[in-house]
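A short write-up of the structure that comes next.
All of the numbers you see were taken from the coordinates with simple rules; none came from a lab. What you are looking at is a predicted structure, and each value in this text was computed from that prediction instead of being measured. Glycine gets a Cβ as well: all are built from the backbone with ideal geometry, and neighbour counts include every protein chain shown.
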Amino acid sequence: MEGPTSHVYFSQRLRLHYVDWGNNDAPPMLLVHGGRDHCRNWDWVAQELRKDYHIIAPDLRGHGDSQWMIGGSYNQVDYVYDIAQLLHQTKMTPVTIIGHSLGGSISVNYTGLYPETVGKLVSIEGMGPPPAMIKERLSQPTAKRITDWIDDLRKIAGRQPRRYQTQEEAFQRMQAENPHLSEARARHLTIHGVNQNEDGTYSWKFDNYIRAFPPVGIPFDEMYKIYAQITCPTLLIRGTESWASDPEKDGRASHFKNARVANIEKAGHWVHHDQLEEFMSITKAFLAE
């Protein structure tokens, strides 16, 4: 696999990393990974689309080879700012965006805020928690959400990143986490997803602080208003074996002006890994319209 080139940009004084798959004269495409993932998560998708698009894929703050936050939390609006800065600095708009999970949510919110800059949007399980989980969370007083967040951060602060004695051990953990992954894909994701520590052990690149769900952010009812501002054709993809609910059945898809939902069988949360061929077939057909 001929890989991409690595680049750096700055956002809110953070040194953030992204990869560029070349083909500069082609239409721009942005690939945004999910939580605890990294930009090389998209390698198989990028290989399928690199002949038709100029693809860039960032490591979100606190992920991959991007810098970790110091003195702040990982909030949705900060992630959105980072993506806005990347597209502003690279001048890669109008752009086609594909995002997964956290990256899908970031992509949807960015597109609603800057609808004129996005030509088409694909969001893989990128609409946050199901409505039932949101309802439960909103039933908690704001003060409790904040104190729970403080408690979570204190626990994380006292938790050392897990160390694996070998890269092979980390690979086994990766494969156990997602049994749909082939051995080759699990190894590839592991190689690009770990750093070697000074004592020779290996740890995942992501910052453990990303696990703490911020107590405040964009209110969910306001987020739905942002969805309504999206003008481009939108494809919402879900794996039928995932924890995520069907956005058509639960009503969230109705907030979009021009969206359709595709449910992919025998796929969990990482749809583009679990059923790559089916995902690419559906996505290519959508992009070609």
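Brief remarks on what is shown
- From the coordinates shown, Cα extents along the principal axes in Å corresponds to which of [x] 56, 40, 33; [y] 52, 51, 40; [z] 57, 52, 40: [y]
- Charge dipole (Cα centre; +1 on Lys/Arg Cβ, -1 on Asp/Glu Cβ; no other charges) of the chain amounts to roughly 660 debye.
- Antiparallel DSSP beta bridges within segment 173-289, as percent of all bridges there, nearest 5: 35 percent
- Exceeding the 20 Å Cα-Cα cut-off - candidates K135/K225; K225/K257; K205/K284: K205/K284
- Estimated purely from DSSP H runs of n ≥ 4, each contributing -39500 (n - 2.57), the mean residue ellipticity at 222 nm for the chain is -11000 deg cm²/dmol once divided by its residues.
- Across the chain, the mean sequence separation of Cα contacts (distance under 8 Å, 6 or more residues apart), normalised by length, yields a relative contact order of 17 percent.
- Choice from K144, K257, K205 with maximal GNM fluctuation in the chain (Cα, 10 Å cutoff): K144
- Once the C-beta distance of W44 and R162 is scaled by a Förster radius of 25 Å, the resulting FRET efficiency is 0.40 to the nearest 0.05.
- Highest-first packing order for the peptide set 88-95, 136-143 is 88-95, 136-143, based on the mean count of other beta carbon atoms within 10 Å.
- Put simply, when 180-188, 26-34 are sorted by average Cβ atoms within 10 angstrom per residue, most first, you get 26-34, 180-188.
- Taken as Cα centroids, segment 69-125 and segment 192-244 sit 11 Å apart, rounded to the nearest whole angstrom.
- DSSP bridge pairs, the chain: antiparallel proportion in percent, nearest 5: 40 percent
- Placing a label point 7 Å from the Cα of R13 along the Cα-to-Cβ direction, the residues of segment 61-78 whose backbone N falls under 20 Å from that point are 61-63, 66-78.
- Net charge dipole, segment 146-289: roughly 200 debye, given to the nearest 20, about the Cα centre with Cβ charges of +1 for Lys and Arg and -1 for Asp and Glu.
- Peptides 107-118, 45-56 ranked from most to least packed, by the mean per-residue count of other Cβ atoms within 10 Å: 107-118, 45-56.
- Entry note, segment 183-289: relative contact order of 19 percent, from Cα contacts under 8 Å with a spacing of 6+ residues.
- Theoretical gain in end-to-end length, R137 to A84 [0.36 nm per residue, Cα-Cα removed]: 16.2 nm
- The residue list T96, I134, G239 was ranked by how far each Cα lies along the charge dipole of the chain toward its positive end, using unit charges on Cβ atoms, and I134 comes out on top.
- Treating r as the C-beta distance of D52 and I150 and R0 as 41 Å, the FRET efficiency rounds to 0.30.
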